[in-house]
1. Residue under question is Ser92, and the condition is that it be closer than 18 Å to Leu2 by Cα and either out of contact with any Ser or Thr (no Cβ under 9 Å at 6 or more places or on another chain) or touching a residue at least 60 places away in the same chain (Cβ under 8 Å) (or both); does it hold?
2. How about the stretch 64-96: which of its residues are within 16 Å of Gln118 (Cβ to Cβ), small (Gly, Ala, Ser), at pLDDT 95 or above and in a loop (DSSP other than H, G, I, E, B)?
3. Can you list the helices (runs of 4 or more DSSP H) lying wholly within the stretch 198-258 that have 1 or more residues being open to solvent by 10 Å² or more (accessible area, probe 1.4 Å) and closer than 21 Å to Gln29 by Cβ?
4. Within the stretch 97-183, which helices (runs of 4 or more DSSP H) (wholly inside it) include 1 or more residues that are open to solvent by 20 Å² or more (accessible area, probe 1.4 Å)?
5. What tally of residues in the stretch 127-183 results from selecting those that are within 29 Å of Ile19 (Cβ to Cβ), polar (S, T, N, Q) and touching a residue at least 40 places away in the same chain (Cβ under 8 Å)?
6. Can you find a residue that is part of a helix (DSSP H, G or I), open to solvent by less than 20 Å² (accessible area, probe 1.4 Å), within 25 Å of Val13 (Cα to Cα) and among the acidic types (Asp, Glu) anywhere in the stretch 35-58?
7. Among all residue pairs at least 6 apart or on different chains, which show Cβ distances below 6 Å where the first residue, located in the stretch 14-30, is surrounded by 10 or more Cβ atoms within 10 Å (Cβ to Cβ) and the second is acidic (Asp, Glu)?
8. From Gly68, Gly89, which residue is closer than 19 Å to Ile215 by Cα, among the small types (Gly, Ala, Ser) and surrounded by fewer than 23 Cβ atoms within 10 Å (Cβ to Cβ)?
Amino acid sequence: MLGAIAGDIIGSVYEFNNIKSKDFPLFSQYCDFTDDTVLTVAVADAILNGDAYVGYFKSYFHRYPNRGYGGNFSRWGVADSLQPYYSFGNGSAMRVSPVGFAFDNLQTVCQEAERTAQATHNHPEGIKGAVATATAIFLARTGSSTDEIRYHIEQSFGYDLSQSLASIRPHYSFDVSCQGSVPQAMVAFLESTDFEDAIRNAISLGGDSDTIACITGGIAHAYYGGVPDAIAASVWQYLDNSLKEITKRFLATYDGKN
């Protein structure tokens, strides 16, 4: 999950200032964690405590307001209702990475990923984006090759992962849907050579940069066996004590699980 948080923080300055290049500084004084990190930690916290996801999403929304939440999520966050709002936005995929690390078999991973999505994003595409992302993370951390991950995701979820980054990049624009960002994030991982390269690939596409890098980062963390020490050290500096504590506890509990 730390890889997802790293992707969010690194991508935070490029979400509304896209850069169609892999040549950029990873961190700056303007970087910060966004709703992607907040809700990723909320999922981790719920898993650690064995509780329902919906209450944690509400709680973390109120604890960390003004972190770039989408309009529909913000309206849901302040409402009394706990009912989902049929979203197919990429918020379901950006927050799901802890599921891919925490559970022992693919069936359970898929079931839990669906549960995280259904709290808000109960549209079939919203569910699919979360389940596909968690599946890719599980496959990556349990030894599947990039070819095997590509084949499984294409066959199971119908995403087209055949396009190259070079063909996507020139025409890709801001898209907050699962179907318009999850496949692209996965291609960014599939073309990478290491964790940092995966994050640079993701951000170089443009679009919803922090969320694409968050999705890519979770998969890359799983596949490459962690986040490089120098990047991790920078990431911790942007998190407050509460987010650090939950993240470190989750990593200590699940990060080495294969």
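1. Values: closer than 18 Å to Leu2 by Cα: yes; either out of contact with any Ser or Thr (no Cβ under 9 Å at 6 or more places or on another chain) or touching a residue at least 60 places away in the same chain (Cβ under 8 Å) (or both): yes.
Criteria met by Ser92.
2. Applying the first criterion (within 16 Å of Gln118 (Cβ to Cβ)) to the stretch 64-96 yields 72-73, 76, 81-96.
Among the residues that remain, those that are also small (Gly, Ala, Ser) are: 81, 87, 89, 91-93.
Restricting the remaining residues to those that are at pLDDT 95 or above gives 87, 89, 91-93.
Passing the criteria: only Ser87.
3. Numbers: elements: 209-224, 229-238, 241-254.
By residue number, 229-238, 241-254.
4. Details: elements: 97-102, 106-118, 124-141, 146-157, 165-168.
Hits in the stretch 97-183: 106-118, 124-141, 146-157, 165-168.
5. So the answer is 5.
6. yes
7. Matching pairs, first to second residue: Glu15/Asp210.
8. Working: Gly89 fails: surrounded by fewer than 23 Cβ atoms within 10 Å (Cβ to Cβ).
After ruling out the rest, the residue left standing is Gly68.
The values are calculated or read from the model by the stated rules, or taken from the named source; none is laboratory data. Computed from a predicted structure; not experimentally measured. When we count neighbours, we look across all protein chains shown, and the Cβ atoms used for this are built from the backbone with ideal geometry, even at glycine. What goes into the accessible areas is simple: the full protein's heavy atoms, side chains included, and nothing from ligands, DNA or RNA. Shrake-Rupley method; radii C 1.70, N 1.55, O 1.52, S 1.80 Å.
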